[in-house]
1. Which residues, counting only those in region A:97-130, are at the interface with chain B (Cβ under 7 Å from one of its Cβ atoms), over 18 Å from A:Leu207 (Cα atoms), within 19 Å of the chain's Cα centre (by Cα) and assigned to a helix (DSSP H, G or I)?
2. Specify which of the listed residues (B:Leu145, B:Leu116, B:Leu140) is without any contact (Cβ under 8 Å) to a residue 24 or more places away in the chain and hydrophobic (A, V, I, L, M, F, W, C).
3. Within region A:185-218, restricting attention to residues that are outside any loop (DSSP other than H, G, I, E, B) and of a type in the set (D, E, K, R), which residue is surrounded by the fewest Cβ atoms within 10 Å (Cβ to Cβ)?
4. Can you name the condition, by its number, that B:Arg481 falls short on among (1) basic (Lys, Arg); (2) surrounded by 17 or more Cβ atoms within 10 Å (Cβ to Cβ); (3) not in a helix (DSSP H, G or I)?
5. Under 8 Å between Cβ atoms, at least 6 apart or on separate chains: pull out the pairs that start in region A:265-294 with a residue that is more than 14 Å from chain B (Cβ to nearest Cβ) and end on any residue that is among the hydroxyl-bearing types (Ser, Thr, Tyr).
6. Just for helices (runs of 4 or more DSSP H) wholly inside region B:346-451: which have at least 1 residues that are under 20 Å from the mean Cα position of the chain (by Cα) and more than 10 Å from every other protein chain (Cβ to nearest Cβ)?
7. Out of curiosity, is B:Glu633 within 30 Å of B:Ile459 (Cα to Cα) and either polar (S, T, N, Q) or more than 10 Å from every other protein chain (Cβ to nearest Cβ) (or both)?
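The values are calculated or read from the model by the stated rules, or taken from the named source; none is laboratory data. Bear in mind the structure is a predicted one, so any value in this text is a computation, not a measurement. Cβ placement follows ideal geometry from the backbone for every residue including glycine, while neighbour counts extend to all protein chains displayed.
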Amino acid sequence: MLVEVIIEFVQTLAVALGAPLLVGFVRKMKARLQGRRGAPVVQPYRDLRKWLAKDVVLSENTSWIFRFTPYLLVATMLLSALIVPVLTTHTPLGFMGNIIVLMYLFLLGTFFLALAGLDAGSAFGGMGSSRAMAIAALAEPTVMIAIFAIALRAGTTRLDHIIVHYSADGLLVLNPGHLLAFVAFFIVALAETGRLPVDNPATHLELTMIHEAMVLEYSGRYLALIEWAAAMKLFLFLTLLANLFFPWGVAPSLAPAALVVALVVLVAKLSVLATGVALLETALAKLRLFRVPELLSGSFLMALLAVVSFFFVA
Amino acid sequence: MMINETLVLKLLNLTLFCFGLGALASLALARRAPAARWTGHMLALLGAGSVGTLAVAGLAGGTAHWTLSGLLPFGGVVLGIDRLSAFFLLIIAVGGFPASLYALGYTRAYESRHSLGAMACTWNLFLATMTLVVLARNVLTFLVLWEAMSLVSYFLVLTESDHAETQHAGLVYLVMTHAGFACLLMGFLLLAHATGTMDFAHWRAATASLGASTRHAIFILLALGFGAKAGVIPLHIWLPQAHPAAPSHVSAVMSGVMIKLGIYGLIRLGFDWLGIGPAVWGGAILAVAAVSAVLGVLYALMEQDLKRLLAYSSVENVGIILLGIGAGLLFQAYHLPGLAALALLAGLYHTLNHAAFKSLLFMTAGAVVQATHTRHMEAMGGLIKRMPQTALFFLVGSVAIAALPPFNGFFSEWLTFQSLLLSWQIPARDVNLIFALAIAALALTSGLAAACFVKAFGITFLALPRSDQAGQACEVSWVMRAGMALLALACLALGIWPVGVLYALQATIFEMNGAYANLYFDWKTVVANPPFATVAPLLMACALAALLAAIPLALRLRRGRTVRRYYETWGCGRALQTARFEYTSTAFANPFKRVFAFLYRPIKELDIEFHPESRFFVRTIAYRNEVRSVFEEALYQPLIRSTQWIAEQARRLQSGNVQSYLLYILIALVILILLAR
Amino acid sequence: MVSLWRKIWKTPVVTEPFINSDAAAAIEALTRQVEAAAFARLGRSLHIRQVDAGSCNGCELEIGALNSPYYDLEQFGLHFVASPRHADCLLVTGPVTRNMADALRRTYEATPSPKIVVAVGDCAQNCGIFAGGYGVVGPVSAVIPVDIVVSGCPPAPRAILAGILAAMEKPR
């Protein structure tokens, strides 16, 4: 039991420390696709270190909500990392919550970030909060229907059990319902983590911002925490996509060899997904805000088709 | 442990004694407002506490039967308690106890303007009639008490009857509640006629042999009657008018508790009185529930009036509760008793939770309204600095109602999700797809509820005050804060340690349905339909708290000396920073208004008056962007118009001519004689 | 989209290597306002907020070029941001006009320390051809403390880059 718990904490540590690397990798890939040299992949670590060392300027209008939110964001992401099977399906703390709990933990973070956006009383922050909540709310049905589609095939909503169940299924990726659910979940993951075509993480223009507008007032260590939490969210979503839909390689036991293989496979899967994200971000323009609901309803339809295909085809 | 029957009776007597004495004493002391306020509400507090004890005794297995044969015809007054009644007594206590405490301080503001004696008297009667309604065991007792409850709450709504708005709200409430009562009356009489007994206890055995069409008619009539009280769409229109108009402790209990008695009726109807029904009933309830949940929250999102927002959100939560109950009916129709019990359990748990957080939210909203003298959110803001504790309580309520961990709304919504997800065990594809849509509706609801309460809390409490009143607001009295604090703690406790309530609910549902829910739980984990879904709310809350404590400590270890400095909000270097730059409530909701424009059908008017000399100078700009109520326009307006038309036609009969009236009497007599022949 | 990807595939990395030789001459380092140790805290990461205090937008065009693949300022760990709260460096262009003086001061105040101010262009240095104009308050240094000045009208992107990098490396 003790060993398992330690390995689970190691897993959490992998999420916490690996997340900035993933962000750096996506940025590097994007730079390469744009014909640039780009910042080194370790640049996010340097940014975080710098922000931690910098002074903090707070708005006079803010309350404790503003200061509390960064800590809460990081705490929810670390807690989520305890639940998600990153390297192994042996997650002794995995019983703390199923996939729905995970989605609600993410929503808790979004809720407080939106409050923090309103707290300073600037128009930008309020705009970001309003848009972020609109997108989060409209993405929610897709999330749940995609989860339904997954749960239907796996017969469970526990993340570790889903992976165990799926890895036994050899013809998994040939199942159209499974692929539809994957696409739906992928679009939702892009929306929830603030990537193109929903939100542009590299924008400088306040009026086009969503996530960036909410964090416009943050500085110093608060900003570091928020960026770190955002990186972890991306990491967790991509890990979910990788491990739930392509469950091979996740260590079924705690044998060291299996864990090493799991690590290598995870790195490979995440690299492929991150490259996919970078390719999309290079090829697509940001959608107008009021076109985003169309994208999300499209993804909802795909998730629903995945469910329908289970009942009528399989 | 067996609970002695005499103990239960004593508790019931104590409860009624407290409420009765409270009602009488406050009337007797009506001349001295502070005395009436204290006596009346203290006795209500004691009474509510005694209701809580009675509920615990009932949930622990105490039963009692109480008949007063002389008081009413057709069997007299019959009262009794079982676990389901006891659970709803618990809800009354959860709402009523803190609300009475809160009312001690809150009604002080009414002393100079209204009769405190009447207010405290009706408050006691309100709590007493609600208590008795869930104990009623035959038709007449139930209907009399139900009507008494509606009338007493009507008087409470009319407390501030000097506002025209309140009068209108009271009228709508009165009409809707009596339309519902008419349905109930017809339904009950039909049921009593068909089964040949007025006694609730005999119905379950007697209804099984009824014809399908009679059962359908009974179900439709009673469901309409109870649905009108619960406030499901499209019978909800009284709710957003009456709840804001009432004083806040009354709104708290009306929204948190009274509409739950509609739920109580529906559960009795669907699971007890009519036994196992056809799948259509469950499907209908599920559909109405999904519509109520989504539309309720969508209308809440558009509201600028804080209390109306909360009232619409009650419509939403009734929808969520009914999703559980409708799913339970469907599972029952397909003979899956374990899952039916699970879904019903989810619905009942959410009923209790909603009583806790909605009462809390209405009380905090009342505190805000009392401090700022407005219900309009665009005139609030910055209150977290002026009223820090009220703000914290409102935040707790918001997080709970947005179904976010670790508070109680999350747990019951999680249970509801699991019971809906488990619907794949039903072997009917069309039903499976209906469930898929219900899941989507619940998901959309929870997302929109989160957005709605970001708006409610963010606009009301954060940033800068938008008006002078908001800038001068003060924290409310400690009694009011004590009432809110109790409920905030209840929200946390019900969220992180659900075991006690789960035990009680398992026993309740077993008593009613003879099946336990497919749910395993111990002190730390809850597993729905093992091993389908697990959650460990207590551990999760502890882990979250530990992480929240650990992260700042870790940063402190690592960090060198950094300084925290306060400066103005970044506004691109602009010189002036006022509340006018803040995002408004309307602006916050605007993306939703555009996305759901097909539903809101917003009216947009922009009137610009130019200077007569030049179009470059503007004198006034008037901008109006309102949401239309589809139901009022498409359903109720035609209904009102046709009623008026019929009334006008009927008026022709009333010529004022005595001879023609004599003729009417003669015709009526002849018809009666012919009929009676 | 296929043709786009084909083009992306064919195009090599166009970023030119950065040679810090001739451009360095145009840079003038002023007295430091903050001690050297504070700058060590920044490491190899610098977020820049650009402030146009009244420029003719000549300098902005050159600064905009820094974001292009050819110069690619991100490879040095530099990044333009939207909020001074996120920034470590204010890149100020133009003579400071009366309308912008207050805004510039507020932006400076809104930036958390340690922070660097780089004045870009002749106008920022000494008001250039706008010197003595009725709407001009003065050079950037008249309003906020300046650490590095990059002269030129407008300065070449490479010179601006050299100036920012000098600001990062100067104290060590």
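1. A:Ile100, A:Val101, A:Tyr104, A:Leu105, A:Leu107, A:Leu108, A:Phe111
2. B:Leu145
3. Ranking the candidates gives A:Glu206 first.
4. (3)
5. Pairs that qualify, where the first residue is more than 14 Å from chain B (Cβ to nearest Cβ) and the partner is among the hydroxyl-bearing types (Ser, Thr, Tyr), are A:Leu266/A:Thr239; A:Leu270/A:Thr239; A:Lys286/A:Thr203; A:Lys286/A:Thr208.
6. Where helices (runs of 4 or more DSSP H) fall fully within region B:346-451 and carry at least 1 residues being under 20 Å from the mean Cα position of the chain (by Cα) and more than 10 Å from every other protein chain (Cβ to nearest Cβ), they are B:388-401, B:408-421.
7. yes
To keep it simple, each residue is scored yes or no on (1) modelled with pLDDT under 90; (2) more than 23 Å from B:Ala201 (Cα to Cα).
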residue	(1), (2)
B:Val139	no, no
B:Val152	no, yes
B:Thr159	yes, yes
B:His163	yes, yes
B:Gln167	no, yes
B:Leu171	no, yes
B:Leu174	no, yes
B:Thr177	no, yes
B:Ala182	no, no
